[in-house]
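This report refers to the structure that appears directly beneath it.
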Amino acid sequence: MQCSDFREIADSYLSDELLIETNHDVIRHLDSCGECRSELAARRQLRRELRTKFNQASELRVPDGFSDSLRMQLEQQPFQRLGVVIPRIAYVGIAATFLIAIGLGLLGVQRWRASQRELVAWTNLANSVTRDHRDCALEHKLRATIISLSEAGRVYDRAYANLADQTSLQGVLPDGAQLIDAHSCAFEGRRFAHVVVKYHDQIASIVVGRSDPNNKAPRAMPGDIAAPFNFDSYQVASFQTASHAVFVVSSLNETDNMTIARSVSPLLEKQIRAAEQPLQAELFTRRR
């Protein structure tokens, strides 16, 4: 098994979705490849952190007091005791109550499955972004894929063209930060907008990519930045718009990395949302 083969099935391995024979192949590969062991550990940690955030999301919780309310409704029903006949309407009430409980349970299962799919998708995106930072900004391996943001805006994603104004971006960076480059590059089939910044003698990447258009996971409010996390030894901060995700990735400490994210988020959100609005309006018209 090659490293590229492992990366394609790493999330399936973590989810116990592989055949026994394939699992054995993965284990043998991990025994001899330290880089893939590190990547697997990073993916496992990211999934754990994201799962915690999903589980804490209010949209996925059973309403407070639901179990107490259900128990009270059942206790109030006139059950058959000591020869007392239960009225027919009571059977209807009990049946309706249990149907509601079953329906809510199924809804909870569906939401849980959706959250797991979203977790895998977000893990894959975060993995691609951090590797893009490493391979492009640090090791310069993606030069063959680099094009201007203006061209990327015409060909791939109109939001990327709005990010081409480097003067505006330099103006919102924290004091002491220097904008090194702004371009579009591709990694593992994903096309990103990539802004490279130097801050406190460290290289940081601001990476913008398309997120899943069917993403129903809870999103932060405009201007909010998700809780930072560590992935594959890099600090990562992120925020989202309707159809894009923005990541700040670096080897800086958490505070400095978040400083960059907070400084650029208002401008980038404004620029990206300006490009998204015509598309959202078009999609709304089509659905009508």
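The values are calculated or read from the model by the stated rules, or taken from the named source; none is laboratory data. Predicted, not measured: the structure shown is a model, and the values here were computed from it. Using ideal geometry, Cβ is built from the backbone for each residue, glycine included, and neighbour counts are taken over all protein chains shown. These accessible areas exclude ligands, DNA and RNA; they are computed on the full protein's heavy atoms, side chains included. Shrake-Rupley method; radii C 1.70, N 1.55, O 1.52, S 1.80 Å.
Show the residue pairs meeting these rules: Cβ distance below 8 Å; 6+ apart or different chains; first residue within segment 126-151 and at pLDDT 95 or above; second residue surrounded by fewer than 15 Cβ atoms within 10 Å (Cβ to Cβ) and assigned to a helix (DSSP H, G or I).
ILE147/VAL155
Of the residues that sit in segment 192-224 and are at pLDDT below 95 and in a strand (DSSP E or B), which one is nearest to SER265 (Cα to Cα)?
GLY209
Would it be correct to say that ARG111 is open to solvent by 70 Å² or more (accessible area, probe 1.4 Å), at pLDDT below 70 and not hydroxyl-bearing (Ser, Thr, Tyr)?
yes
Check whether at least one residue in segment 239-250 is open to solvent by less than 10 Å² (accessible area, probe 1.4 Å), modelled with pLDDT of 95 or more and farther than 24 Å from ALA161 by Cβ, and report yes or no.
yes
Out of the residues in segment 1-50 meeting the condition of being in contact with a His (Cβ under 7 Å, 6 or more places away or on another chain) and open to solvent by less than 70 Å² (accessible area, probe 1.4 Å), tell me which one is farthest from ASP232 (Cα to Cα). Reasoning before the result, please.
Residues of segment 1-50 in contact with a His (Cβ under 7 Å, 6 or more places away or on another chain): 1, 6, 36.
After this cut, where a residue has to be open to solvent by less than 70 Å² (accessible area, probe 1.4 Å) as well, the list is 6, 36.
Numbers: PHE6: 16, CYS36: 11 Å.
Per the criteria, the residue is PHE6.
Here are ALA144, ALA152, ALA161: which of them is among the aliphatic types (A, V, I, L, M) and open to solvent by less than 10 Å² (accessible area, probe 1.4 Å)?
Working: ALA144 fails: open to solvent by less than 10 Å² (accessible area, probe 1.4 Å); ALA161 fails: open to solvent by less than 10 Å² (accessible area, probe 1.4 Å).
Going through ALA144, ALA152, ALA161 in turn, the sole match is ALA152.
Of the residues in segment 164-191, how many are assigned to a strand (DSSP E or B) and acidic (Asp, Glu)? Outline the logic, then answer.
Residues of segment 164-191 assigned to a strand (DSSP E or B): 178-187, 190-191.
From the residues that got through so far, the ones that are acidic (Asp, Glu) too are 181.
Total satisfying the criteria: 1.
Being touching a strand residue (DSSP E or B) at 6+ places or on another chain (Cβ under 7 Å) and not in a helix (DSSP H, G or I) is the filter here; which residues of segment 140-163 pass it?
As a first pass, look at segment 140-163 and keep what is touching a strand residue (DSSP E or B) at 6+ places or on another chain (Cβ under 7 Å): 142, 145-149, 152, 156-157, 159-160, 163.
Answer for segment 140-163, where residues must be touching a strand residue (DSSP E or B) at 6+ places or on another chain (Cβ under 7 Å) and not in a helix (DSSP H, G or I): LEU142, ILE146, ILE147, SER148, TYR156, ASP157, LEU163.
Pairs please, first residue from segment 255-270 and among the aliphatic types (A, V, I, L, M), second anywhere and open to solvent by 10 Å² or more (accessible area, probe 1.4 Å), Cβ atoms under 6 Å, 6+ apart in sequence or on different chains.
Final answer for the pair search is MET258/PRO228; ALA261/ILE225; VAL264/VAL172; LEU267/VAL172.
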